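K.L.:
What follows is a structure written as structure tokens; I'll ask about it next.
None of the figures in this text is laboratory data; all of them are computed from the coordinates on show. Please read these numbers as outputs of a predicted model, since none were measured by experiment. FYI the Cβ positions are ideal-geometry reconstructions off the backbone, even for glycines, and counts take in every protein chain you see.
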Ligand SMILES: O=C(O)CCC(=O)C(=O)O
Ligand SMILES: [Fe+2]
């Protein structure tokens, strides 16, 4: 949802489609510990696990908007390479999610094939936490711009995590220290593209319903198509709601790790991408997802003994797995069909 330049290239979001009423919060106010804005943040994290963050007029926010614009260019350049070139960088799931994923590699909720191409860049590779990987030239020539994106995206996320520390009565710095920029993790940036269809099927699912597994995700979209299934609704087409792109803003959603760490207080919501609505379906849809994961050795154990996060109830067992073990287990459960992707947590609004 970044800059005027990108918005000007895209037809308007239609006024008639069903949208979810997410709050637009101010990075500036949250950074200044504004009590009212923090309350709105906590409410949104419990109810939707999603909110829109206005980045404009705050230095790190403006920096990130400009970095995001570069990453949109990088998406076009990289996914515009010949398929034979991209195939040399093909991703290798489930062990290695970095590199190129062509459209049609995944099944969506309706049993059809997905329509999302993506090139995934690892934070460790770009920030030098591991020896560099080999990426297409389009990326190798812009490592510095990628570094800037990771640095500023991480800084914006840190403002939100610091506010959550305060709201959850955790020691200052707790959440940020668990997902540092300079320690090995599975944090990554997805450069995503879904191409316009010759005959538009507005119900086509480009990327199937899922929750994100990590702590927080920052999403930039210009043409929409991203939808959320608000909690408590049956997973049928009529219940999904579009997220309206907002100029100068980034969309933030919480992942399963924050749900676990808070004993289910916060929510991670099911979301998916369908054909962009109205005239937006006629242009290529580019988006960015910066998916933050904790340091690899961090534990999934519930956090803190402050006054907000509930203690384990009688009979409840502490989670002892590391984030990597937990992620591998979750992926396996979903593959075996024993775990269905669905909204998790949200006890904050139920109590
Ligand atoms: O393309 C988008 O808008 C969202 C992508 C997404 O949900 C993801 O990569 O996890
Ligand atoms: Fe996602």
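K.L.:
Could you give the alpha-carbon Rg of region 244-310 over 2.2 N^0.38 Å, rounded to two decimals?
P.N.:
That works out to 1.55 for region 244-310.
K.L.:
For q = 0.11, 0.23 Å⁻¹, what log10 I(q)/I(0) does region 33-110 give under the Debye formula with an equal point scatterer on each alpha carbon and no solvent?
P.N.:
After summing over all Cα pairs, the log10 values are -0.58, -1.04.
K.L.:
Same structure, new question: Across the Cα atoms of region 29-169, what radius of gyration and what greatest pairwise Cα-Cα distance (Dmax) are found, in Å?
P.N.:
18.2, 53
K.L.:
If you average the C-alpha positions of region 215-283 and of region 312-351 separately, how far apart do those two centres end up, in angstrom?
P.N.:
So the two Cα centres are separated by 20 Å.
K.L.:
Any chance you could check the Cα centroid distance between region 71-142 and region 44-65 for me, in angstrom?
P.N.:
Each part's Cα centre sits 26 Å from the other's.
K.L.:
Scattering from the C-alpha atoms of region 235-351 alone, worked out with Debye: what is log10 I(q)/I(0) at q = 0.14, 0.18, 0.22, 0.23 1/Å?
P.N.:
With one equal scatterer per Cα and no solvent, log10 I(q)/I(0) is -0.80, -1.16, -1.43, -1.48.
K.L.:
Same structure again: How big is the chain by Rg and Dmax over its Cα atoms, in Å?
P.N.:
Cα only, the chain: 19.1, 58 Å (Rg, Dmax).
K.L.:
Now a separate question. If you bin the C-alpha pair distances of region 1-41 every 10 Å from 0, what whole percents do you get?
P.N.:
Pairs per bin, as whole percents: 23, 30, 34, 14.
K.L.:
Report the Cα-based extents of region 184-225 along its three principal axes, largest first, to the nearest Å.
P.N.:
Principal extents (Cα only, largest first): 44, 18, 15 Å.
K.L.:
While we're on this one: Cut-off 10 angstrom, C-alpha nodes, Gaussian network model of the chain. Which of 214, 49, 330 fluctuates the most?
P.N.:
Comparing 214, 49, 330 in a Gaussian network model of the chain, the most mobile one is 330.
K.L.:
Ordered by packing density, taken as the mean number of other Cβ atoms within 10 Å over each peptide's residues, highest first, how do 217-224, 77-84, 64-71 rank?
P.N.:
Going by the mean number of other Cβ atoms within 10 Å, highest first, we get 217-224, 64-71, 77-84.
K.L.:
Here's something else I'd like to know. Any idea what angle helix 59-79 forms with the longest principal axis of the chain, computed on alpha-carbon atoms, 0 to 90 degrees, nearest 10?
P.N.:
Roughly 40 degrees, rounded to the nearest 10.
K.L.:
Also, I was wondering about something else. Sorted by packing (mean other beta-carbon atoms within 10 Å per residue), highest first, where do 335-345, 225-235 land?
P.N.:
Descending mean neighbour count gives 225-235, 335-345.
K.L.:
To check you understand DSSP bridge types, tell me what percent of the beta bridges within the chain (both residues inside) are antiparallel, rounded to 5.
P.N.:
90 percent
K.L.:
Next question, about the same structure. Using the Cα atoms as the points, what is the convex hull volume per residue of region 177-301 in Å³?
P.N.:
117 Å³
K.L.:
Here's another thing I want to ask about it. Give the order of 62, 110 when sorted by the count of other beta carbons within 10 angstrom, beginning with the fewest.
P.N.:
110, 62
K.L.:
Go ahead and estimate [θ] at 222 nm for the chain from helices alone: -39,500 (n - 2.57) per DSSP H run with n ≥ 4, summed, over the residue count, rounded to 500.
P.N.:
Calculated mean residue ellipticity at 222 nm is -9000 deg cm²/dmol.
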